[in-house]
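Remarks on the structure that follows.
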Amino acid sequence: MRVQTFNEIIQATKHAEEKHPFFTENPQHAVSLATEELGEMAKSVNDGNLEQAKAEALDTIAVLVRFIYMLEDL
């Protein structure tokens, strides 16, 4: 995988943590959040806005990273 991609994932995760410092402690809610982000990515793809789709993909990954963090803390 490209280093730039990893850096973008790290930045998206940091941004999400700053914007929403509290992340759910409920796994079902975390999956719901990830699903919502994935839906936004799908909409962007369907609209032909691939730049926005990439941003939504990074948001989705950030939610999933935070989900993994949550699981590690259980």
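The values are calculated or read from the model by the stated rules, or taken from the named source; none is laboratory data. These numbers were taken from a predicted model, which means no experiment stands behind them. Here the Cβ is made from the backbone with ideal geometry for all residues, glycine too, and neighbour counts use every protein chain on show. Accessible surface is based on the protein model in full, side chains and every heavy atom, while ligands, DNA and RNA are left aside. Shrake-Rupley method; radii C 1.70, N 1.55, O 1.52, S 1.80 Å.
Picking from residues in region 23-55 that are polar (S, T, N, Q) and either surrounded by 15 or more Cβ atoms within 10 Å (Cβ to Cβ) or assigned to a helix (DSSP H, G or I) (or both), the one that is nearest to the chain's Cα centre (by Cα) is T35.
Right, Q11: within 24 Å of L74 (Cα to Cα), open to solvent by 70 Å² or more (accessible area, probe 1.4 Å) and at pLDDT 95 or above or not? Talk me through it step by step, then tell me what you get.
On the way: within 24 Å of L74 (Cα to Cα): no; open to solvent by 70 Å² or more (accessible area, probe 1.4 Å): yes; at pLDDT 95 or above: yes.
No.
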